[in-house]
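Notes to accompany the following structure.
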Amino acid sequence: MRLDVPVLSGAAVRLEPLTMDHAPELAQAAEEDRSSYAFTLVPRADEVEAYLRAQLSREGLTPFAQIRLQDGKAVGCTAFWDPRYWPGRQDLRAVEVGWTWLAASAQGTTINAEAKLLLFTHAFEVLGVTRVDLKTDARNQRSRRAMERLGATFEGVLRRWSPSWAPGEAGLLRDSAMFSVIATEWPAIKTAMLDRLLATSTGEVK
């Protein structure tokens, strides 16, 4: 089931529901420096249309294009994934934020942190979830550090949990490092995220 989520806008990024119209700019974004994609599913330019069709048909996925407001270009993707409902009820209890990638030129900016802030805010304050999950290949130290900076709690490594996207590992399973934010933690984490974004925008954080 795809969640009904509107456009989510911040100061540096806008999250638009993903469509095939985003393909040309995402093809350009995907062909920037690819050295950080060792553990991440990022299509090559000639694979973008097939990738978007797969994302749009994937059960349980609500995908977004990440639009850099500085130039209005689509520079990556992200998504809500695996929504889980209360037993016997129609309201959500948990959702994952994942399927995230950014062009090299958008990495190291405020875009990733602000996109997570937008998604977390919508999940906790509009969808009313009690938990947001994040996971990554256990070997992906860059992604793990980013999740820790967001304030997410590391919960451990689940062995052979998810498909591997590492080169040469097609059809194999990876160990996944699991992180979460829960509703009782969200107010403090939101304040810290906002403070960090403000400090970064004013040049106080390098």
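Considering only Leu134, Val157, Phe120, whose Cα is most displaced toward the positive end of the charge dipole of region 119-173, charges sitting on Cβ of Lys, Arg (+1) and Asp, Glu (-1)?
Highest projection toward the positive end goes to Val157.
Run the quick spin-label model on Leu173 and Ser57: label points 7 Å from Cα toward the beta carbon, then report their separation in nm to one decimal.
Reported label-point gap for Leu173 and Ser57 is 2.6 nm.
Gain in length, Glu49 to Tyr37, computed as 0.36 nm per residue apart minus the alpha-carbon separation, to one decimal in nm?
That pair, Glu49 and Tyr37, stretches by 2.4 nm at full extension.
Sequence-distant or interchain residues sharing an amide H contact under 5 Å with Gln66, placed H: which?
Placed amide hydrogens put Val75, Gly76, Cys77, Thr78 under 5 Å from Gln66.
Where in region 98-126 is the amide nitrogen less than 20 Å from a point lying 7 Å along the Cα-to-Cβ axis of Arg149?
Hits in region 98-126 for Arg149 at 20 Å: 98-121.
Rounded, prolate or oblate: which fits region 82-206 when a ≥ b ≥ c are the square roots of the eigenvalues of the alpha-carbon gyration tensor, with rounded for a/c under 1.5 and prolate only if a/b beats b/c?
oblate
On a C-alpha basis, how far is the centre of region 30-44 from the centre of region 128-143 in Å? Whole number, if you could?
A separation of 19 Å, based on Cα centres.
Just subtract the alpha-carbon distance of Thr191 and Ser9 from 0.36 nm times their residue separation and send over the number in nm, one decimal.
Full extension of this stretch gives 63.7 nm more.
Mind listing which GluC sites (Glu not before Pro) in region 41-111 are in a DSSP loop and have 14 or fewer other Cβ atoms within 10 Å?
Glu59
Say we join alpha carbon atoms closer than 10 Å with springs in a Gaussian network model of the chain; which of Leu56, Leu26, Leu173 then has the biggest fluctuation?
Leu173
Coordinate-derived values only; no laboratory data. Quick caveat: nothing in here was measured; it's all calculated off a predicted structure. Neighbour counts are summed over all protein chains in view; Cβ atoms, including those assigned to glycine, are modelled from backbone coordinates with ideal geometry.
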